[in-house]
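> So that we are looking at the same thing, I have put the structure below in structure tokens.
The values are calculated or read from the model by the stated rules, or taken from the named source; none is laboratory data. In this text, all values refer to a predicted model and were calculated from it rather than measured experimentally. We place every Cβ from the backbone using ideal geometry, glycine too, and count neighbours over all the protein chains shown. Ligands, DNA and RNA are excluded from the accessible area calculation, which covers all protein heavy atoms including side chains. Shrake-Rupley method; radii C 1.70, N 1.55, O 1.52, S 1.80 Å.
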Amino acid sequence: MIRLVFAVLLLLPGALYAACSGIDVRPDLDAAQRAELDQRLADMPYPAGNHWTATKGARTLRLVGTFHLDDPRLDPVAARLEPLIQQADRVMLEATDTEMKALQQAVASRPELMFITSGPTLIDLLPPEEWDELAKAAAARGLPGFMVAKFQPWYLSIVLSTPPCMAAEMQNGPRGLDHRIMKIAQAGGIPTQALEAYDTLFTIFGQDPLEEQVEMLRLGLVPPEGAEDAFETLKLQYFEEAHGAAVELSRIVSRPLIDLPPEEFDAEYDKLMDAILTQRNMAWMDRILATTEETVLIAVGAGHLSGENGLLNLLEAEGYALNREAF
């Protein structure tokens with residue numbers, strides 16, 4: 001998921017749960033699911049690799065796919081990257097400490113970012129049986145119904161797609177690879193820059209009518225055990241550097257867990273990926289190409305690297321030569 005969203009998730013009330021203990025879902029895929037995954041990956045540009053260089057003339061962009069939550073396996077990765085970070089003229093990240101603090105302050109002063117502040121609430125917008133299901137899913141994450149009813153639907157969909165056990169994973173904050181990279185850069189006096197404003201996701205999703213947001217909300221109604229397995233599988237795929245497969249496997253394994261017709265599910269999933277990945281990648285490219293330094297390190301969630309609208313393919317279209325590096 002997304003570093004800035006994790007920052008806001010930390011503000012939510014609720015108890016800490018046991019550490020996640022999900023399982024890898026891939027061995028249980030049936031033949032049709034495996035075939036679909038293979039088909040979706042067959043023509044995908046740059047589906048793997050967490051560390052790439054993009055060169056054009058005297059410029060070198062170093063792209064690192066990150067994982068936003070803490071994991072001890074990230075320590076040796078950060079150690080290997082440290083000399084490269086120190087050689088960079090600038091480090092660009094999804095968010096720096098400045099954006100994280102600004103978002104937390106904004107949530108406290110601008111309730112409309114997270115909550116429905118006027119008009120019908122989710123109790124009014126959803127059929128009774130769907131509201132009951134949603135309220136139960138929220139209760140499993142320590143969220144009372146009166147609060148959940150006023151959540152912006154798009155934001156609640158992200159909360160509900162997060163397994164309850166992740167509360168324990170997040171108790172010390174989003175200390176993932178991007179956080180480690182930022183701290184190394186700061187210690188070395190390397191300038192850091194955010195790729196987007198702190199409220200970008202809220203702007204992207206908040207512009208949709210509530211009725212459309214409710215459709216996306218249904219994507220978050222994954223049973224807790226299903227969300228936990230998906231989270232474990234995502235972590236395994238990250239360390240296998242298989243970010244393209246991670247994006248498409250999430251679609252395939254979530255589809256049967258959600259009470260939507262397959263075509264409707266895929267349409268909503270595509271819309272979600274467009275908002276979370278494509279729109280942001282396009283905006284980030286403007287900032288990346290506007291930099292003038294010769295050596296820039298760019299650290300973003302690994303899912304932003306792959307695909308037709310992934311950063312790697314977009315840079316290739318701008319004339320950059322790409323080379324996969326050791327991670």
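> Open to solvent by 30 Å² or more (accessible area, probe 1.4 Å), more than 20 Å from residue 31 (Cα to Cα) and modelled with pLDDT under 85: does that describe residue 224? Full working, then the answer.
Numbers: open to solvent by 30 Å² or more (accessible area, probe 1.4 Å): yes; more than 20 Å from residue 31 (Cα to Cα): yes; modelled with pLDDT under 85: yes.
It is true that residue 224 is open to solvent by 30 Å² or more (accessible area, probe 1.4 Å), more than 20 Å from residue 31 (Cα to Cα) and modelled with pLDDT under 85.
> Of these, 211, 240, which one is among the acidic types (Asp, Glu) and touching a helix residue (DSSP H, G or I) at 6+ places or on another chain (Cβ under 8 Å)? Outline the logic, then answer.
On the way: 240 fails: touching a helix residue (DSSP H, G or I) at 6+ places or on another chain (Cβ under 8 Å).
Among 211, 240, only 211 is among the acidic types (Asp, Glu) and touching a helix residue (DSSP H, G or I) at 6+ places or on another chain (Cβ under 8 Å).
> Only one of these conditions is not met by residue 55: (1) open to solvent by 40 Å² or more (accessible area, probe 1.4 Å); (2) in contact with an Asp or Glu (Cβ under 6 Å, 6 or more places away or on another chain); (3) not aliphatic (A, V, I, L, M). Which number is it?
(2)
> I need a count of the residues in the range 28-49 that are under 17 Å from residue 238 (Cα atoms) and assigned to a helix (DSSP H, G or I).
Result for the range 28-49: 2.
> Which pairs do you get when a residue that is within 30 Å of residue 58 (Cβ to Cβ), found in the range 267-294, comes within reach of a residue that is of a type in the set (D, E, K, R), reach meaning Cβ atoms under 6 angstrom, with the pair 6+ apart or on two chains?
These pairs meet every condition: 293/89; 293/90; 294/59.
> Given the criteria outside any loop (DSSP other than H, G, I, E, B) and either modelled with pLDDT under 80 or surrounded by fewer than 18 Cβ atoms within 10 Å (Cβ to Cβ) (or both), does residue 171 qualify?
Working: outside any loop (DSSP other than H, G, I, E, B): no; either modelled with pLDDT under 80 or surrounded by fewer than 18 Cβ atoms within 10 Å (Cβ to Cβ) (or both): yes.
Answer is no for this residue.
> Okay, next question. On the basis of being open to solvent by 40 Å² or more (accessible area, probe 1.4 Å) and in a helix (DSSP H, G or I), does residue 245 make the cut? Break it down into steps so the answer makes sense when it comes.
Working: open to solvent by 40 Å² or more (accessible area, probe 1.4 Å): no; in a helix (DSSP H, G or I): yes.
It is false that residue 245 is open to solvent by 40 Å² or more (accessible area, probe 1.4 Å) and in a helix (DSSP H, G or I).
> Can you find, within the range 279-297, the residue that is nearest to residue 81 (Cα to Cα) among those that are among the β-branched types (Val, Ile, Thr) and open to solvent by 30 Å² or more (accessible area, probe 1.4 Å)?
Checked the range 279-297; the qualifying residue nearest to residue 81 (Cα to Cα) is 295.
> Another question, if that's okay. Of all residues in the range 108-122, which are of a type in the set (A, V, I, L, M) and either over 25 Å from the mean Cα position of the chain (by Cα) or within 13 Å of residue 153 (Cβ to Cβ) (or both)?
Listed by number, the residues that qualify are 114, 116, 122.
> Now a separate question. Would the range 298-309 turn up any residue that is surrounded by fewer than 21 Cβ atoms within 10 Å (Cβ to Cβ) and of a type outside the set (A, V, I, L, M, F, W, C)? Can you show your working first?
Narrowing the range 298-309 to residues surrounded by fewer than 21 Cβ atoms within 10 Å (Cβ to Cβ): 308-309.
Then keep just the ones that are of a type outside the set (A, V, I, L, M, F, W, C); that gives 308-309.
Yes, the range 298-309 contains a residue that is surrounded by fewer than 21 Cβ atoms within 10 Å (Cβ to Cβ) and of a type outside the set (A, V, I, L, M, F, W, C).
> Going by the structure shown, is residue 211 surrounded by fewer than 20 Cβ atoms within 10 Å (Cβ to Cβ) and assigned to a loop (DSSP other than H, G, I, E, B)?
Details: surrounded by fewer than 20 Cβ atoms within 10 Å (Cβ to Cβ): yes; assigned to a loop (DSSP other than H, G, I, E, B): no.
Taking the combined requirement at face value, the residue does not satisfy it.
> Do the conditions hold for residue 203, that is, is it surrounded by fewer than 18 Cβ atoms within 10 Å (Cβ to Cβ) and among the hydroxyl-bearing types (Ser, Thr, Tyr)? Give the derivation first.
Details: surrounded by fewer than 18 Cβ atoms within 10 Å (Cβ to Cβ): yes; among the hydroxyl-bearing types (Ser, Thr, Tyr): yes.
Yes: the conditions hold for residue 203.
> For the range 138-157, which positions are assigned to a helix (DSSP H, G or I) and closer than 24 Å to residue 203 by Cβ?
Taking the range 138-157 first, the residues assigned to a helix (DSSP H, G or I) are 138-139, 145-148, 153-157.
Result: 147, 148, 153, 154, 155, 156, 157.
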